[in-house]
Amino acid sequence: MTTHPLIDVPGLNRLLGSVSVLDVRYRMGGPPGPAAFAAGHVPGAVYVDLETDLSAPPGPGGRHPLPTPADFEAAARRLGVRSERPVVVYDDWAGHAAGRAWWLLRYHGHRDVRILDGGWAAWRAEHGPVETGPGTVPGAGDFTARPGHLPVVDAENVLDVPVLVDARAAERYRGEVEPIDPVAGHIPGAVNVPTAKNLTAEGRFRPAAELRELYAAVGATPSEADEVRVAAYCGSGVTAVHDIVAMEIAGITAALYPGSWSGWIADPSRPVTSECP
């Protein structure tokens, strides 16, 4: 059995010292993560660089391709991740970046990974203890990457998925604006659930019943079958995990399309649209 994807502040506070804590502070175009980490972080946390630890270099596979299993294993071990030690990940972006670490660890076989619900903001708001400085890795990790524990789809079969969820903001999905990628629009047939809809006004994930209702409205429902019925994508394969986490809370298994929009449009022969279902 794998764990629930979330943990709250009191839960993490009780476990400090017995879990690996990974700080995945990252925002596209935002301030550098290491400086924010040094200014204050959860005690015992280790800083994770999304660009170098959790992604391969940009290329035909998109802006944030998945790292190879060997590269991810090396990064996880360098960060002190151990196969039998629980891991908690957090960020200062409502789980959008931390979700990438959660997904990669789960995909590669770690069974006890949780995201701090509300992230750094929740930790500070609930007066969690704060440590400053560069942090220290608590010994070498022994994590062995065994890929394939979560479903993925690629450019060759993403159009065959019955429900394809686009996690980007609605105006990007509709093709009205495109601030990052060279082509606007979305993958034909995709429906839109912006990640902001997964959260309460306080920046926490909404309750399971509300998330089930949200995703049922676009045709994403729980299934007992092993087949991939739902998949999610975003701009580069990072924030789509936010929707995957929300669906897991709702009891829906969803695959990730890692290349996402930036990978899809790398081949100009692939269809794009701005028409909304």
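Listed values, structure above:
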read-out: Qualifying residues in region 129-154 (those that are of a type in the set (G, A, S) and at pLDDT below 95) - the one surrounded by the most Cβ atoms within 10 Å (Cβ to Cβ); value: G135
read-out: Criterion (free of Cβ contacts under 8 Å to residues at least 12 places away in the same chain and surrounded by fewer than 19 Cβ atoms within 10 Å (Cβ to Cβ)) met by exactly one of E224, E202; value: E224
read-out: Members of region 162-186 found to be buried (at least 23 other Cβ atoms within 10 Å of the Cβ) and either assigned to a loop (DSSP other than H, G, I, E, B) or β-branched (V, I, T) (or both), listed by number; value: V165, A167, R168
read-out: Selection count where residues are in contact (Cβ under 8 Å) with a residue 12 or more places away in the chain, part of a helix (DSSP H, G or I) and either aliphatic (A, V, I, L, M) or crowded, with 19+ Cβ neighbours inside 10 Å (or both), scope region 1-54; value: 10
read-out: Set H149, H242: member being part of a helix (DSSP H, G or I) and either within 16 Å of the chain's Cα centre (by Cα) or in the same structural domain as V24 (by TED's automatic domain parsing) (or both); value: H242
read-out: Region 55-64: number of residues that are within 17 Å of the chain's Cα centre (by Cα) and surrounded by fewer than 19 Cβ atoms within 10 Å (Cβ to Cβ); value: 1
read-out: Residue in region 242-261 that is over 20 Å from R27 (Cα atoms), hydrophobic (A, V, I, L, M, F, W, C) and surrounded by fewer than 17 Cβ atoms within 10 Å (Cβ to Cβ) present; value: no
read-out: Candidate set: region 60-77, residues that are touching a residue at least 40 places away in the same chain (Cβ under 8 Å) and not in a helix (DSSP H, G or I); chosen: the one nearest to W93 (Cα to Cα); value: H64
read-out: Odd one out for F143 among (1) more than 19 Å from C234 (Cβ to Cβ); (2) assigned to a strand (DSSP E or B); (3) of a type outside the set (D, E, K, R); value: (2)
read-out: Residues (within 25 Å of Y90 (Cβ to Cβ) and either small (G, A, S) or out of contact with any strand residue (DSSP E or B) (no Cβ under 7 Å at 6 or more places or on another chain) (or both)) located in region 187-208; value: P194, T195, A196, K197, T200, A201, E202, G203, R204, P207, A208
read-out: Test: residue in region 71-82 that is out of contact with any helix residue (DSSP H, G or I) (no Cβ under 9 Å at 6 or more places or on another chain) and exposed (fewer than 15 other Cβ atoms within 10 Å of the Cβ); value: no
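The values are calculated or read from the model by the stated rules, or taken from the named source; none is laboratory data. Please read these numbers as outputs of a predicted model, since none were measured by experiment. Neighbour counts run over all protein chains shown; Cβ positions are idealised from the backbone, glycine included.
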